[in-house]
Each structure stands twice: as structure tokens, then as C-alpha cells.
1. If A:Tyr83 meets every condition in (1) within 16 Å of DNA strand D (Cβ to nearest atom); (2) within 14 Å of chain B (Cβ to nearest Cβ); (3) in contact with a helix residue (DSSP H, G or I) (Cβ under 6 Å, 6 or more places away or on another chain); (4) in a loop (DSSP other than H, G, I, E, B) apart from one, which number is that one?
2. If A:Pro45 meets every condition in (1) more than 14 Å from chain B (Cβ to nearest Cβ); (2) closer than 28 Å to B:Ser25 by Cβ; (3) more than 16 Å from DNA strand C (Cβ to nearest atom); (4) surrounded by 19 or more Cβ atoms within 10 Å (Cβ to Cβ) apart from one, which number is that one?
3. Could you tell me whether A:Val65 is within 13 Å of DNA strand D (Cβ to nearest atom), assigned to a helix (DSSP H, G or I) and buried (at least 19 other Cβ atoms within 10 Å of the Cβ)?
4. For the range A:48-77, name all the residues that are β-branched (Val, Ile, Thr) and within 11 Å of A:Ala27 (Cα to Cα).
5. Could you go through the range A:92-109 and let me know if any residue there is within 16 Å of DNA strand D (Cβ to nearest atom), surrounded by 16 or more Cβ atoms within 10 Å (Cβ to Cβ) and more than 11 Å from every other protein chain (Cβ to nearest Cβ).
6. Kindly evaluate B:Leu77 against the criterion of being at the interface with another protein chain (Cβ under 9 Å from one of its Cβ atoms), buried (at least 17 other Cβ atoms within 10 Å of the Cβ), in contact (Cβ under 8 Å) with a residue 40 or more places away in the chain and more than 9 Å from DNA strand D (Cβ to nearest atom).
7. Can you give me the number of residues within the range B:187-200 that are out of contact with any Lys or Arg (no Cβ under 6 Å at 6 or more places or on another chain) and within 30 Å of B:Arg117 (Cβ to Cβ)?
8. Hey, does the range A:116-125 have a residue that's more than 20 Å from A:Thr183 (Cα to Cα), modelled with pLDDT under 90 and in contact with a Ser or Thr (Cβ under 8 Å, 6 or more places away or on another chain)?
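The values are calculated or read from the model by the stated rules, or taken from the named source; none is laboratory data. Model, not experiment: these values are computed from the prediction. Glycine gets a Cβ as well: all are built from the backbone with ideal geometry, and neighbour counts include every protein chain shown.
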There are 2 protein chains.
Amino acid sequence: MVCGGAAARERGPDAVIAAPLERESTATRVAAVLRDRIVEGTLAPGSRIVELEVSRELGVSRSPVREALLKLAEEGLAAIVPYRGAIVSPLRRERFVELTEFRIALERFALDRLTERADAGSLDALRARVAAMRRALHAGNRRSAVDEDLALHRAIVAMAGNALLERAYDGLLAQIRLYIHVTSARYQRSEELAEEHEALLAAIAARDFPRARAVLDAHILHGFSEAVFEEDSGAPGPVPETSQTAIGKNARRYRPV
Amino acid sequence: MVCGGAAARERGPDAVIAAPLERESTATRVAAVLRDRIVEGTLAPGSRIVELEVSRELGVSRSPVREALLKLAEEGLAAIVPYRGAIVSPLRRERFVELTEFRIALERFALDRLTERADAGSLDALRARVAAMRRALHAGNRRSAVDEDLALHRAIVAMAGNALLERAYDGLLAQIRLYIHVTSARYQRSEELAEEHEALLAAIAARDFPRARAVLDAHILHGFSEAVFEEDSGAPGPVPETSQTAIGKNARRYRPV
DNA sequence: CGGGGGGTAATTGTCGACAATGTGCAATAA
DNA sequence: TTATTGCACATTGTCGACAATTACCCCCCG
């Protein structure tokens, strides 16, 4: 068999050597397929995932499928209950509140590091991402706008230089994507969104941690406040007591002075 | 076959009904065995874990062993490289720095929530844990002192009421345990350790978030500063440039005024 | 004496089959 | 009619075997 095989053919020519090192296992590919379907909405929240069905459909055995489901469960995209199987994690407001709170906490930590060590090169890379997102927004391509948005935030987190933070954030990202459609209204007002990101970058560039934190909070909570859940009877009402309290209080406390 | 079986017999008599609901799979038990060995030191950092060896030793097939290794890898206790197997995560100073930084970030977030919503009952529970730890320390039982110490911190995190935070912290806990022996000098001066915890609880009771945060930082960084790595040539020298910078700066910035 | 090739052994990745468990329906009795 | 019990089916958990890949060692060549 030729060195790179199918994997190599999918990449650039000069990646032929590196390809065998990073080719992915069947389990990884199955996980990728299922992950896509979940965040895409093809696999609706709450629906069952039967190992044998997936294995038959994808033409693999149950072992990699099972392994993939374990991965998805770790990412919070699926829930596995022993001897009963896996379901796509249902969308619940309470969980979205927790997700948002925790996301803010992680990104704050990242900003804390980043406002200390950000160099010109990193900032340029971030600015390029904002530009890309702006283009996607103007082109009306919501899907890639979402991708660019999240990629920007992930890049900020990655620049903090803490591998554990990065892993934790990656785990969150999948779930953020899962909930993105309830905040999709946000991507209508593209100018606003781009400006918020630019304000965030400016604060980072100025190495002004308090301001960066304030901008971040406003940015994320802004998206949060527009979230609409189907379980809501009628209009997008207020979030539940306790959680509202937590997010609300912090939003107020950390709002720019 | 009798209802509960072996699982029920290991519990109290009135747990017979509930037992079947919470019995654990083979994979979970294998993971528990390996996890214990890793944090205990029986399985040294860097040593290989061969699936077939474990499966033969524990009298199970490779499937649950494999599943257990995936879990351990998720927890950061093991590293899996495709077609080459799993090794116990090696102890590296850089990683310990990241671990400590991230741990502080998570616990700060917990304190932020806790100083808002802590009730008397919760505080009593925490105080009971400090007392338990103090007893263990005085009894010279270092192992259970460590357990109580971590259990206290975990309880604080749990009280924050964010499931995602809790999961992320649990993932960290295993790794903290992995590194605990490099900070074991800390458990010599038991009085000091107990006092720091009590100061933390007092700040929480007073709902004084800034003070709680300052006490927490001092507490964790205190343990950090005593860490000794074998790779160090001679005395426990300073931590590497970049990481030292990050931790040092924050320690200074957030120190009590 | 050192470095490259080839072949063997060891180990992981995947597979199909069987055992254990949960689910739902149907038959039965009150 | 309705609650209950038993049974058949669907699905997960575990197992042993085979395929794919890597590590190791020996041999050969320079």
C-alpha cells in the first residue's frame, strides 16, 4: 500500500509525509460525523442514538461507534445512561445559563493572561479573524459567520497559553455550538457584532484587563439576553430566578464604569 | 439470579433496592483501579499501560480496559497516542504551573457565586470538613488529610451550583492528586494549612468576594511555591520564565490590600 | 564500526458474536 | 376495565479473534 493513501490525497501535496502521523481513527471520524449532525440539528436534541444503527449506516462495527459516543458524552453533546443508550443532550435553559456563566469565567481568565503577553503578531491574527467574520456577515453566510465568531474566541483562549484552559474551552465550544441557534438572532445585526469584537481587541491591545473584561461580559451577555427557547410560552421571557440572579448580578457588577 | 447480586452485598441492607440503579460497569471499575494506582504512585508517571496486561490481570476483556483508558485520558491522567498505546501522564513543571493557574481561575469563579448565595447550612458543612481535615492532620494521617483538603475545595466548587464548572473541576482534581506529592511538604505544617482554610471560610461567610479571592490565591500559591520537582538540579529553584511571570503577576495583583 | 533494510514480535484498532439488561406488549386475574 | 405478571424483542456490555500498525532486533552493506 502506498504511503499516505486516502488521507494524503485529501491534503496538500507537501503534507504527504506528515499525513500518516495525524490520520484519524475510525472512532474519530465517526465522532466527527455525529458531532456535525448534532450541532447542525440533523440529530435533534433528545433523540436517541443507537449504536447498531450508526454502525450499519457508516459501514463500521460497533466498537468505534461506541468509542465515538463516549467522546461526545465527554463533550457534553450526548448523555449516556447504562444499558439504555445515548441521547443527544436536550437543550435546557438552565444549562445554557451555566454554559454562558462558565464561558465568561474561562474567557476572563484568558483575557487576564492575554492582556499581559499579547504581542503585535497575535493581535494582527485576531484582527484578521474579525475582518473575516465581517466579510462572512456581509455576505449573509451565517454558518461561516458563526464559525468565524467562535474561531476568534477560541484563538483568544489559545493565546493565553494554558493547555488545560484550552481543553476545557474546546469542550465548551461544542456545547456552545449546540445552543447557537437559540441566539442566532444575534447574527442579524452584523455591524453591532463586529464592533463588539473590535472593541474587545482594542482593549487587549491597550493591555487594559478591566476594560477587556467589561467588554467581554457585555458581548457575551448581549448574546445571552437574546436567547429564545422553545419551551418558553409566548415571548422570550426572563430567565429563571436563581440563574438570572447570578448572571444578572455579575453583569451589573462588571459592567464598564 | 438474585436481585442485587454482588453489588448489593457490598452496601448497607437498605440499599438493596437502589443498588441496581447505581451499580457500575466493568469499565468504570477498571478505570477506578487504574486511577487509584496512578495517583497512588504504583503506576509511575511515564510508564506504559498495556491493555492486554491489565485485562489479564483484572480478569476482564480488553474492551472495558480500553474504555477505561479513554476515560483516564480525558481526565488527563494518561496520554494515548494512536497505535502506540497509553502512558501515565508524566509530571512536568510547566503542566503543574498551568494546573495551578487554572485551578485558581475555577475556584475564583466558584467563590464569586458562593459569596453571593452561601447559606448557613452550607457553611456549616464546610466548617465540618475543615475540622475533619484538622483531625486527620493531627493524627498524622497524611493520605486522609489530602483527601479532606481536596474534598473541601471540591465542596466549595459544588456549592457554586454550576454543573459545567463541577465537571471541569473534577477533571482537574485527578490531576491535582497526581501532583500532590510534589507539594506534600505542605502537609507537614498542619496548623498553617488549617488556618488558611478557616480564613477562606470566614471570607465566604462575610460574603467578601475580594477577600475570599485574595485568601484563595495566597492559599494555593503557597502550596505551589513549595513544589519540588525531581527534574530540578539541586534546590527547588524558581519556576520557568513565562509561567512564573503569569503566576507571579497575578499573585501580586490579587494579593490582599 | 556505524547505518540502513528487512523481518519478526508486540501491541493497538476493528470486527462479529454472545451475554446481560432494559422496554414494551400481551395475556391473565381481580 | 385495569393492574400485574410474564415473555419476547431491542439494545447495550463484554468477549475473543483477526487485521493494521508500530517497535525491536538482527543482518547485511558501506
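1. Just one mismatch for A:Tyr83, condition (3).
2. Every condition holds for A:Pro45 apart from (4).
3. Numbers: within 13 Å of DNA strand D (Cβ to nearest atom): yes; assigned to a helix (DSSP H, G or I): yes; buried (at least 19 other Cβ atoms within 10 Å of the Cβ): yes.
Criteria met by A:Val65.
4. Looking only at the range A:48-77, we keep the residues that are β-branched (Val, Ile, Thr), and these are A:49-50, A:54, A:60, A:65.
Across the range A:48-77, the qualifying residues are A:Val60, A:Val65.
5. Within the range A:92-109, the first condition is being within 16 Å of DNA strand D (Cβ to nearest atom), and the residues that meet it are none.
No; the residues of the range A:92-109 include none that is within 16 Å of DNA strand D (Cβ to nearest atom), surrounded by 16 or more Cβ atoms within 10 Å (Cβ to Cβ) and more than 11 Å from every other protein chain (Cβ to nearest Cβ).
6. Details: at the interface with another protein chain (Cβ under 9 Å from one of its Cβ atoms): no; buried (at least 17 other Cβ atoms within 10 Å of the Cβ): yes; in contact (Cβ under 8 Å) with a residue 40 or more places away in the chain: yes; more than 9 Å from DNA strand D (Cβ to nearest atom): yes.
When the stated conditions are applied, B:Leu77 does not pass them.
7. Looking only at the range B:187-200, we keep the residues that are out of contact with any Lys or Arg (no Cβ under 6 Å at 6 or more places or on another chain), and these are B:188-193, B:195-200.
Applying the additional criterion that residues be within 30 Å of B:Arg117 (Cβ to Cβ) yields B:192-193, B:195-200.
Counting residues in the range B:187-200 that are out of contact with any Lys or Arg (no Cβ under 6 Å at 6 or more places or on another chain) and within 30 Å of B:Arg117 (Cβ to Cβ) gives 8.
8. Looking through the range A:116-125, at least one residue is more than 20 Å from A:Thr183 (Cα to Cα), modelled with pLDDT under 90 and in contact with a Ser or Thr (Cβ under 8 Å, 6 or more places away or on another chain).
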